[in-house]
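Asks: Got a structure for you, questions after.
Here, each number is a calculation from the coordinates, and none is a lab measurement. None of these values were measured; they are calculated from a predicted model. Because the Cβ atoms are built from the backbone with ideal geometry, glycine has one as well, and the counts that use them run over all protein chains shown.
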């Protein structure tokens, strides 16, 4: 299982599922983290936390522990899914 916290900066992934419940899952859905949606890792803070992500037209920073609860499929360069 691959999670969003393992995706390198500059890479893109497709969201498979959220492994969170309650307020955290609701907040992620509000931010656009929906199954089938695309997310790009923009960068990582100098100490490794938080992770900056692009979801649609929005830029969002998530703690690494929250990103670890988002299962993804890595997208290959050119948009193919691996």
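Asks: Any idea what the relative contact order of the chain is, in percent, if you count C-alpha pairs under 8 Å spaced at least 6 apart?
Replies: About 40 percent, as a whole number.
Asks: Grab the DSSP H runs of the chain that are 4 residues or longer, score each as -39,500 (n - 2.57), total them, divide by all residues and round the 222 nm result to the nearest 500 deg cm²/dmol. Mind dumping the intermediate values first?
Replies: Numbers: 2 runs with 14 residues, N = 82.
-4500 deg cm²/dmol, from helical runs alone.
Asks: Of the listed peptides 42-50, 68-76, what is their order by residue-averaged count of other C-beta atoms within 10 Å, with the highest listed first?
Replies: On the way: 42-50: 11.7, 68-76: 17.1.
Final packing ranking: 68-76, 42-50.
Asks: Turning to a different aspect of this structure: Which entry in [x] 31, 23, 19; [y] 64, 27, 25; [z] 35, 29, 26 matches Cα extents along the principal axes in Å derived from the coordinates of this structure?
Replies: [z]
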